[in-house]
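We did not get these values from a lab; they are worked out from the coordinates using the rules stated. Quick caveat, the model's predicted, so the values are computed rather than measured.
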Amino acid sequence: MFHLFEWFYPTFSAFIFCYAAFVFYLFIRKKNAQIKKRLYTYELCNKDPRNYELLFNTFNIQERVHQDIDQWRKIVSAPESINSDFLQSQQIEAIRYFDKLAIGLKNSLLDEDILFDYYYRYFNQAYNATKFTFLRYNNEFNVPNLYIEYFKLLNKWNNRGARNHV
């Protein structure tokens, strides 16, 4: 009986130590994956070349079309051939990019906090600038799921609130 205890305690202690080391390894691995996801999301935001302030804030397709096109041309030195259709296509392209971000976020490929901090204001500006365009498009072509992930994410973020967002 005495020999059993001499064998059992060291073996049990070694097992507990290995189990704790394995749990710690899994914890560190998960933390590293989260850090990599956050860094990737941050780099993605910083590499985004679009000027959303200019695209959605100073140009609204439904209002002051000619005045804003002239202002936009002066700011970016755009050629005279640029018209409201071109700018509308640029806005649609930005919405398409937002939809791709929302899909990446839905599938846990991107970090929501960083995207929220960087894009929340632009998501709202884009929606306000293009909502009538999308409503008209949905009514004309009966496409209710157009950019659905973008709209779901925008609703989620609006319900979440601006959370001290400046």
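Checking the Cα-Cα distances for Lys47/Lys156; Lys106/Lys152; Lys30/Lys100; Lys31/Lys156 against a 19 Å cut-off, the pairs over it are Lys47/Lys156; Lys30/Lys100; Lys31/Lys156. 3J(HN,Hα) couplings calculated from phi for the stretch 116-128 with the Karplus curve 6.51 cos²θ - 1.76 cosθ + 1.60 (θ = phi - 60°) are, in sequence order, 4, 4, 8, 10, 4, 4, 5, 4, 5, 4, 5, 5, 5 Hz; Gly and Pro show x. Per residue, the convex hull spanned by the Cα atoms of the stretch 1-47 measures out at 27 cubic angstrom.
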